[in-house]
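I have placed the structure first, in the form of structure tokens, so that the comments after it can refer back to it.
The values are calculated or read from the model by the stated rules, or taken from the named source; none is laboratory data. All values reported here derive from a predicted model rather than from experimental measurement. Quick reminder, even Gly has a Cβ in these numbers, built from the backbone with ideal geometry, and neighbours come from all protein chains shown. Ligands, DNA and RNA are stripped out before the accessible areas are found, and what is left, the full protein with its side chains, is counted by its heavy atoms. Shrake-Rupley method; radii C 1.70, N 1.55, O 1.52, S 1.80 Å.
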Amino acid sequence: MAAPLPAFVTRRRPDWDALKELLDRQRAGTLRLGELRTLDVLYRRAAADLAHAQTFYAGTDVHRFLNQLCGQAYATIYQPPRERLASTLAFFRQDFPRTLRANGAFVAASAGLFLLGIFLGAVVVLLEPRGAELLVPEHLRDFIARKEMWTDGILTVSPPNAVASGIATNNLTVTIVTFASGILLGLGTVFVLINNGVHLGSVAALCVHEGMGAKLFDFIAAHGPVELSIIVIAGGAGLMVGQALVDPGELPRGQALALRGREAVKLVLGCAPFLALIAVVEGFVSPGDFFSSWVKATLGLALGGFFWLYLLRAGRDGTGPTPVG
């Protein structure tokens, strides 16, 4: 025989209140990971109480309360995951550009280091052309000495789709290395940025010195603005990691690294589809003379302009992420 309703309520009410509190905290986003098991246990107990109330106290306020409580708990525990497509679109529509703007100082510092490398590489070669022997790889110097672009025959060796795939893989590798080197107290990222800048600056200066500046521009015009922007963004992400290790602020170093690292990873992941897009441009448009120089330059300026317009304007309809530390 069932106990009187007041006695049933008195005996079971603490668990119901505890479950309701955990549900409120879950909705507020303050529920700790270790409390999920407690939430599940309390839900199962409440479900058993609901079955008991439905049998012996049907139609009472207690029955209705338990029915509502269990419904809320079920929806919380077994809620379906957000649709992957919707989540991805939300990331690129809001989270990625907001994260970049919130950490713009790191991206600007990365750009400064990269430009410094370009300047140093160019100045060394322009002032002393023999410096190219130290800064420019030998196979590139051989092409330039013959007044040939090393990219001229790329489409005769491999089809454009294979070229694009190889370029995408190489660009992704450069991006990841630039970012991951930040774990070396940021010094690794600083070195990669300056070294890549020196390489680009020295090659460009040698091409100009040998009268091949126009050919180099013809090749890089279409893909260069976006590709170099992505390297700079990856460098900013690496500097964020380094800053968390060198100066964690009031947070423990591990916690600062975790918080800053999550923001940095967003920047790298956000660049991934743009890397794929620009690899297609570099594989199909940049090599050869099928497209004229002005078409390549127009395309490059348009892609670079739209890319930064998106980064600076998208997701401004709400509160974005704030810098950590």
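If Lys296 satisfies all but one of (1) surrounded by 14 or more Cβ atoms within 10 Å (Cβ to Cβ); (2) within 26 Å of Ile183 (Cβ to Cβ), what's the number of the condition it fails?
Failed condition: (2).
Whether any residue in the stretch 25-38 is touching an Asp or Glu at 6+ places or on another chain (Cβ under 8 Å) and open to solvent by less than 40 Å² (accessible area, probe 1.4 Å) is what I want to check.
Within the stretch 25-38, not a single residue is touching an Asp or Glu at 6+ places or on another chain (Cβ under 8 Å) and open to solvent by less than 40 Å² (accessible area, probe 1.4 Å).
Given the conditions (1) over 28 Å from Leu135 (Cα atoms); (2) without any contact (Cβ under 8 Å) to a residue 24 or more places away in the chain; (3) not hydroxyl-bearing (Ser, Thr, Tyr), and given that Val265 satisfies all but one, which numbered condition is not satisfied?
Result: Val265 passes all but (2).
Return a yes/no flag: does the stretch 248-264 have any residue that is touching a His at 6+ places or on another chain (Cβ under 9 Å), at pLDDT 90 or above, part of a helix (DSSP H, G or I) and not β-branched (Val, Ile, Thr).
No, the conditions are met nowhere in the stretch 248-264.
For a quick check of your reading of the model, give me the residue pairs whose first member lies in the stretch 9-36 and is in contact (Cβ under 8 Å) with a residue 12 or more places away in the chain and on the phi < 0 side of the Ramachandran plot, whose second is of a type in the set (S, T, N, Q) and surrounded by 11 or more Cβ atoms within 10 Å (Cβ to Cβ), with beta-carbon atoms closer than 7 Å and at least 6 apart or on different chains.
Leu22/Thr38; Leu23/Gln72; Leu23/Thr76; Gln26/Thr76
In the stretch 276-292, is there at least one residue being farther than 27 Å from Gly201 by Cα, open to solvent by 30 Å² or more (accessible area, probe 1.4 Å) and not in a helix (DSSP H, G or I)? Explain how you work it out, then say what you get.
Keep residues of the stretch 276-292 that are farther than 27 Å from Gly201 by Cα, which gives none.
Taking every residue of the stretch 276-292 in turn, none turns out to be farther than 27 Å from Gly201 by Cα, open to solvent by 30 Å² or more (accessible area, probe 1.4 Å) and not in a helix (DSSP H, G or I).
Given the condition buried (at least 16 other Cβ atoms within 10 Å of the Cβ) and among the charged types (D, E, K, R), answer yes or no: does some residue in the stretch 78-86 qualify? It would help to see each step written out before you state the result.
As a first pass, look at the stretch 78-86 and keep what is buried (at least 16 other Cβ atoms within 10 Å of the Cβ): none.
No, the stretch 78-86 contains no residue that is buried (at least 16 other Cβ atoms within 10 Å of the Cβ) and among the charged types (D, E, K, R).
Rundown of residues vs (1) under 30 Å from Val268 (Cβ atoms); (2) out of contact with any helix residue (DSSP H, G or I) (no Cβ under 9 Å at 6 or more places or on another chain); (3) part of a helix (DSSP H, G or I), yes/no style:
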position: Leu19; (1), (2), (3): no, no, yes
position: Ser87; (1), (2), (3): yes, yes, yes
position: Ala109; (1), (2), (3): yes, no, yes
position: Phe114; (1), (2), (3): yes, no, yes
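Can you tell me how many residues within the stretch 46-61 are open to solvent by 20 Å² or more (accessible area, probe 1.4 Å), among the hydrophobic types (A, V, I, L, M, F, W, C) and either outside any helix (DSSP H, G or I) or touching a Phe, Trp or Tyr at 6+ places or on another chain (Cβ under 9 Å) (or both)?
Residues in the stretch 46-61 being open to solvent by 20 Å² or more (accessible area, probe 1.4 Å), among the hydrophobic types (A, V, I, L, M, F, W, C) and either outside any helix (DSSP H, G or I) or touching a Phe, Trp or Tyr at 6+ places or on another chain (Cβ under 9 Å) (or both): 3 in total.
On the basis of being surrounded by fewer than 18 Cβ atoms within 10 Å (Cβ to Cβ) and more than 17 Å from His223 (Cα to Cα), does Leu309 make the cut? If you could, list the steps in order and put the result at the bottom.
Working: surrounded by fewer than 18 Cβ atoms within 10 Å (Cβ to Cβ): yes; more than 17 Å from His223 (Cα to Cα): no.
Against the criterion (surrounded by fewer than 18 Cβ atoms within 10 Å (Cβ to Cβ) and more than 17 Å from His223 (Cα to Cα)), Leu309 does not qualify.
For the stretch 221-231, what are the residues that are surrounded by 21 or more Cβ atoms within 10 Å (Cβ to Cβ) and among the aliphatic types (A, V, I, L, M)?
Answer for the stretch 221-231, where residues must be surrounded by 21 or more Cβ atoms within 10 Å (Cβ to Cβ) and among the aliphatic types (A, V, I, L, M): Ala221, Ala222, Val226, Ile230, Ile231.
Please go through the stretch 279-297 and pick out each residue that is modelled with pLDDT of 90 or more and of a type in the set (Val, Ile, Thr).
Val281, Val295
Report yes if some residue within the stretch 250-273 is crowded, with 20+ Cβ neighbours inside 10 Å, under 16 Å from Val107 (Cα atoms) and β-branched (Val, Ile, Thr); otherwise report no.
Yes: one or more hits.
Given the criterion open to solvent by 80 Å² or more (accessible area, probe 1.4 Å), more than 30 Å from Glu263 (Cα to Cα) and at pLDDT 90 or above, identify the matching residue among Leu126, Leu135.
Result of the check over Leu126, Leu135: Leu126.
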